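In what follows, a structure is listed as structure tokens, so that the remarks can point back to it.
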Amino acid sequence: MLEATLRERARNLLTGSSRSDVPPFMVMDVMAAAARIEAAGGHVIHMEVGQPAAAAPKAAIAAAHRALEQGRIDYTSALGIPTLRQRIARHYRDTYRCSVDAGRIVITTGSSGAFILAFLAMFEPGDRVAVTVPGYPPYRHILTALGCEPVLIETSSETRHALTGEALLAAHQSTPLKGVLVGSPANPTGTMMSREALSGLISAAESAGIRFISDEIYHGLDYAFPAVTAAELSADALVINSFSKYFCMTGWRVGWMVVPEPLVRPIERLQQNLSISVPTLSQIAAEAAFDGKPEMEEVKRAYLENRRILIEGLPRAGLTKFLPADGAFYLYADVSDFTSDSLAFAGQMLEKAHVAATPGVDFDPIHGRQFIRFSYARSAQEMREAVERIACWLK
């Protein structure tokens with residue numbers, strides 16, 4: 001009896017906390033299923049993960065080699081290497097004609113680390129934070145894990161799937177919000193907010209006392225019109241960006257934030273305690289990555305070709321309805337003519353056609369069962385082959 005009681009107590013000690021009970025990031029599960037097919041000898045075309053096929057800029061890799069040859073790789077300041085922060089400030093001047101003080105720039109462990117730091121610095125447990133659907137799943141999952149309440153606001157084709165000030169204020173009037181997070185270019189839709197739309201949303205948020213976070217991780221990958229940074233429109237907005245997408249440095253895990261001045265020290269204290277500093281080697285490579293922009297523009301031109309292949313090819317395969325692919329490297333396709341269960345559809349497409357894509361339920365728990373997200377970050381040849389495989393499978 002005593003032994004059974006001790007075993008039961010031991011099991012309870014190993015039970016996950018309630019805050020860890022968040023949904024999986026489904027794209028990772030799709031990747032794992034694709035890996036099993038590949039381990040058995042199958043050839044899968046990967047359109048599930050938002051990961052560039054290209055390598056990091058040559059200048060970034062060379063800088064990392066030089067740093068390793070020198071031997072020591074030490075801690076850096078919790079806010080990041082000063083020269084990297086200054087280089088990012090210069091990037092805002094060169095790209096957006098926007099003056100950002102390097103003292104407001106914080107280097108983070110990818111954008112994921114930035115979300116954690118931002119949410120911890122800006123919100124208390126129980127605070128309600130608006131996010132759009134469809135939208136990047138970890139927004140709401142990280143908020144939930146930190147004890148906040150994500151408030152889902154649906155977007156529509158009438159606003160090109162951008163959140164409007166009117167919709168934000170309506171949600172706020174229903175039950176007060178403490179914050180809002182938007183991304184442009186957006187994941188999974190690839191849609192973008194115009195300057196007027198973003199400016200109007202920021203003004204509406206600030207007039208109501210709602211803190212504003214702008215996810216700009218796909219900046220640089222804009223096709224319909226130039227992306228606008230929230231840093232240009234408000235000194236009170238918190239901006240998150242990363243070297244992962246435009247600079248093809250996903251595994252280096254390095255990003256940054258532009259932080260309202262009063263939050264710099266609180267975020268510094270959090271970073272000191274949570275991670276001490278971002279990996280030094282990654283920061284060194286990131287600073288050099290800016291010298292590789294011509295190389296990255298070539299990669300961007302390849303995405304444009306991939307985008308064309310899908311926009312022209314998927315309708316011939318039977319997938320005729322998808323959202324405007326303004327930026328990023330995603331196409332969000334309506335598959336309701338074929339299924340009412342995008343999760344099952346994605347599983348069958350992987351099994352039968354060996355094309356991996358992500359079901360919309362990962363991004364939208366309300367209407368996601370009728371959508372599939374395709375990433376076009378790989379080669380043009382793979383995009384052509386994917387279209388052919390999907391067409392054969394759907395016939």
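The values are calculated or read from the model by the stated rules, or taken from the named source; none is laboratory data. Predicted model only: the values in this text are computed from it and were never measured. Virtual Cβ from ideal backbone geometry, glycine too; neighbours counted across all protein chains shown. With ligands, DNA and RNA removed, areas are computed over all heavy atoms of the protein, side chains included. Shrake-Rupley method; radii C 1.70, N 1.55, O 1.52, S 1.80 Å.
When the Cα positions of Ala64, Gly110, Pro134 are compared along the charge dipole of region 40-177, Ala64 comes out farthest toward the positive end, with charges on each C-beta of Lys, Arg, Asp and Glu. All Cα-Cα separations within region 236-357 were binned at 10 Å from zero, giving a P(r) of 10, 27, 25, 23, 14, 1, each value a whole percent of the pairs. Cα centroids of region 350-380 and region 258-290: 33 Å apart. Solvent-accessible surface of the chain, averaged per residue with a 1.4 angstrom probe and all protein chains in place: 44 square angstrom.
Would you mind telling me the share, in percent, of accessible area of the chain contributed by carbon and sulfur at probe 1.4 angstrom? That fraction is 53 percent. Here, P(r) means the percent of Cα pairs in each 5 Å bin from 0 to the largest distance; for region 322-395 it is 3, 17, 26, 29, 17, 7, 1. Rounded, prolate or oblate: which one fits region 192-288, using the alpha carbon gyration tensor with axes a ≥ b ≥ c (rounded when a/c is under 1.5, else prolate when a/b beats b/c, else oblate)? Because a/c hits 1.5 or more and a/b fails to exceed b/c, region 192-288 counts as oblate. If you take all other residues with their beta carbon under 9 Å from the beta carbon of Pro52, and give Lys and Arg +1 and Asp and Glu -1, the sum is +2. Averaged over residues, the count of other Cβ atoms within 10 Å places the peptides 57-70, 286-299, 238-251 in the sequence 238-251, 286-299, 57-70, highest first.
Considering the chain, its Cα convex hull presents a mean projected area of 23.1 nm². For region 208-223, backbone phi angles converted through the Karplus equation (6.51, -1.76, 1.60; θ = phi - 60°) give residue-by-residue couplings of 9, x, 9, 6, 10, 10, 10, 8, 10, 5, 9, 4, x, 9, 10, 10 Hz, Gly and Pro being listed as x.
As an equivalent ellipsoid, region 128-197 spans semi-axes of 20, 15, 9 angstrom, where each value is the square root of five times an eigenvalue of the C-alpha gyration tensor, largest first.
Compute the Kirkwood hydrodynamic radius of region 30-162, taking the inverse of the mean of 1/r over all pairs of distinct Cα atoms, and give it in Å to one decimal. Value: 19.2 Å, from the Cα pair sum.
Treat region 72-135 as a sphere of radius equal to its Kirkwood radius over Cα pairs and apply Stokes-Einstein at 20 °C in a medium of 1.002 mPa s; give the translational diffusion coefficient in µm²/s, rounded to a whole number. Estimated diffusion coefficient is 152 µm²/s.
Taking a sphere under 15 Å around the Cβ of Trp252 and counting the other residues whose Cβ falls inside, with K and R at +1 and D and E at -1, yields a net charge of +2.
So for the chain, if I pair up every lysine 8 or more residues apart or on another chain, how many of those pairs have alpha-carbons under 23 Å apart? Value for the chain: 8. Which is farthest toward the positive dipole end of the chain among Leu319, Ser207, Gly42, measuring Cα position about the Cα centre, with Cβ charges +1 (Lys, Arg) and -1 (Asp, Glu)? Checked the options; the winner is Gly42.
Within the chain, antiparallel bridges make up roughly 50 percent of the DSSP beta bridges whose residues both belong there. Residue by residue, region 246-258 carries 3J(HN,Hα) couplings of 4, 8, 6, 10, 4, x, 6, 6, 9, x, 7, 10, 9 Hz when phi is fed to the Karplus relation 6.51 cos²θ - 1.76 cosθ + 1.60 (θ = phi - 60°); x denotes Gly or Pro.
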